[in-house]
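> One structure coming up, written as structure tokens, with questions to follow.
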Amino acid sequence: MLKFFKWITITLSIFLLASIFLVYQFGPVVGAQFGKPIYIFAPNAERYGKVAIEMIELNGYYANGEQWEETKEKLKNEFKKVSVYEDTYLFIEEALQVGGGKHSFLLTKENRQTLSAKDEMPSTTREGDLLIIKLPQHIDAAANGKQYADTVLQEIKNNMNIKGAIIDLRGNRGGDMGPMITAVSPFLEDGDLYHLEYLDRDWTVKLENGKSIGGGTQITTNITPFKLDVPVAVLIDDQTASSGEAVLMAFMGQPHAKIFGQPSAGYASANITLPLYDGTLINITVAYNKTLNGEVFYDTPVLPDVQTDHPLEQAIEWLTK
């Protein structure tokens, strides 16, 4: 009996040690996929940087091949020299550019607060039989995404007698596409909006009952979903980026829409956000947007249907013919 209990104790000890090792080794990276990285104890600066590299390697669209391997090994050596987390940031940003491409970036707590403070509410104006909707970038959907969407939806509902709409995405640098898509959902057909091209699969972003499914935060508004069948002009410029370009591509599959302005910024890709130990966020590109007809722009700008320095005037002219 004594030998049995001794065997049980040894087995449990081995199991416990193995579990601790697995949590130490994989907890930060695997847990980050669900928004909660698991740490047994606070990592030192070197471990902090190496965890970031592991996250990038697991998720980054370009985190493979010779250039990535060289960058990874070089940065692992650099991490041996750092003493505080902040010392790793420049190295992690370098890894993000190589493994995730130009749309990938590091976001500290301070930068997050600055970006969220820049959130603006959309605005609408009526010009004759047209409704002009200005959709700015939107970062913090959890805080005010519902207000963002409701602001536009209520104005559309108040102007159901319009004969056309203009959606102004100029200057929209992105953020969370969920509130944006919901805001203009009356002008979009339910069903597939566009696809996301991952390295190993495609994913479809859809519109269902006024909500973006599979892309951005799902927003539940106070307004019952409705549709308005009118032609839509979309305005873009070289500052239309990221989720702004996602909204643009949703309209590219619509038969009643036309795009005016200048080529977009060329960030038509999807990022995921992974938290590091101190709350700093890794935003890394994992997929590229693909139109319903199969066109992928990667890091190149999206071209308008009508390239012009006077998009508003030409959009009005098209809608009032």
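> Looking at the chain only, what percent of DSSP beta bridges run antiparallel? Nearest 5 please.
Antiparallel bridges: around 60 percent, rounded to the nearest 5.
> Follow-up. Each residue of region 286-303 in turn: what ³J(HN,Hα) in whole Hz from Karplus with 6.51, -1.76, 1.60 and θ = phi - 60°, glycine and Pro shown as x?
Result, ordered by residue: 10, 7, 10, 6, 10, 5, 5, 8, x, 7, 10, 9, 6, 9, 9, x, 8, 8 Hz.
> Could you pull out every one of the lysines with an alpha carbon less than 25 Å from that of residue 258, ignoring same-chain neighbours closer than 8 positions?
134, 157, 163, 206, 211, 227, 290, 321
> Please calculate how many Å² of accessible area region 58-129 carries per residue, with a 1.4 Å probe and no DNA, RNA or ligand atoms counted. Before the final figure, lay out each step's value.
Details: 4270 Å² over 72 residues.
Computed with neighbouring chains in place, this is 59 Å² per residue.
> From the residues 187, 228, 268, which one has its Cα farthest along the dipole of region 162-321 in the positive direction, the dipole being from +1 and -1 charges on Cβ of Lys/Arg and Asp/Glu about the Cα centre?
The residue sitting most towards the positive pole is 228.
> For region 176-321, what does the accessible surface come to per residue with a 1.4 Å probe? Please give it in Å². Please list the in-between numbers first.
Details: 5820 Å² over 146 residues.
Roughly 40 Å² per residue, with all protein chains present.
> I would also like to ask the following. Between 0 and 90 degrees, rounded to the nearest ten: what's the tilt of helix 65-79 against the longest Cα principal axis of the chain?
In the chain, helix 65-79 runs at an angle near 60 degrees to the longest axis.
> In a GNM of the chain with a 10 Å cut-off on Cα contacts, which of 297, 260, 226 has the highest mean-square fluctuation?
Of 297, 260, 226, the Gaussian network model singles out 226 as fluctuating most.
> Next question. Enter the mean projected area of the convex hull around the alpha-carbon atoms of region 104-178, in nm², rounded to one decimal.
On the way: hull surface 22.4 nm².
With every direction weighted equally, the projected area is 5.6 nm².
> While we're here: Considering only protein heavy atoms and a 1.4 Å probe, what is the carbon-and-sulfur percentage of the accessible area of the chain?
55
> I'm a student and want to see the number: the projected area of the Cα convex hull of region 166-278, averaged over all directions, in nm².
Average projection, Cα convex hull of region 166-278: 8.5 nm².
> Taking Rh as the Kirkwood radius, which is the inverse of the mean 1/r over Cα pairs, what is the Rg/Rh value for region 160-201?
Reported Rg/Rh, Kirkwood definition of Rh: 1.05.
> Tilt of helix 45-59 relative to the longest C-alpha principal axis of the chain, in degrees (0 to 90, nearest 10)?
Tilt relative to the chain: about 50 degrees.
> Treating the beta-carbon of each Lys and Arg as +1 and of each Asp and Glu as -1, no other charges, what is the dipole magnitude of the chain about its Cα centre, to the nearest 20 debye?
With Lys and Arg at +1 and Asp and Glu at -1, about 1220 debye.
> Among 316, 143, 61, pick out the residue whose Cα is farthest towards the positive end of the charge dipole of the chain, where Lys and Arg carry +1 and Asp and Glu carry -1 on C-beta, about the Cα centre.
The Cα lying farthest towards the positive end belongs to 143.
> Using alpha carbon centroids, what distance separates region 66-144 and region 223-267, in Å?
Between the Cα centre of region 66-144 and that of region 223-267, the gap is 22 Å.
> Calculate the spin-label point distance for residue 220 paired with residue 313, positioning each point 7 Å from the Cα along the beta-carbon direction, and give it in nanometres.
4.7
> In the chain, if every C-alpha pair distance is counted and binned at 20 Å from zero, what percent goes to each bin?
Going out from 0 Å in 20 Å bins, the chain shows 29, 48, 18, 4, 0 percent.
> Let me ask another. By its C-alpha gyration tensor, with a ≥ b ≥ c as the square roots of the eigenvalues, how is region 210-254 shaped: rounded for a/c under 1.5, else prolate for a/b larger than b/c, else oblate?
oblate
> Go ahead and estimate [θ] at 222 nm for the chain from helices alone: -39,500 (n - 2.57) per DSSP H run with n ≥ 4, summed, over the residue count, rounded to 500.
When only DSSP H runs of four or more count, the value is -12500 deg cm²/dmol.
> Same structure again: How big is the Kirkwood radius of region 213-321, worked out from every pair of different alpha carbons and given in Å to one decimal?
15.8
> For the chain, what does the relative contact order come out to in percent, with C-alpha contacts under 8 Å and a separation of six or more?
Reported relative contact order: 17 percent.
> Give me the angle, in degrees from 0 to 90, between the Cα long axis of helix 243-252 and the longest principal axis of the Cα atoms of the chain, rounded to the nearest 10.
50
> I've got another one for you. Residue farthest toward the positive end of the dipole of the chain, with Cβ of Lys/Arg at +1 and Asp/Glu at -1: which of 259, 216, 164?
The listed residue farthest towards the positive side: 216.
The values are calculated or read from the model by the stated rules, or taken from the named source; none is laboratory data. The structure presented is a predicted model; accordingly, all values stated were derived computationally and were not measured. Methodologically, a virtual Cβ is constructed for each residue, glycine included, from the backbone with ideal geometry; neighbour enumeration extends over all protein chains shown. Remember, those area values only see protein heavy atoms, side chains included, never the ligands or the DNA or RNA. Shrake-Rupley method; radii C 1.70, N 1.55, O 1.52, S 1.80 Å.
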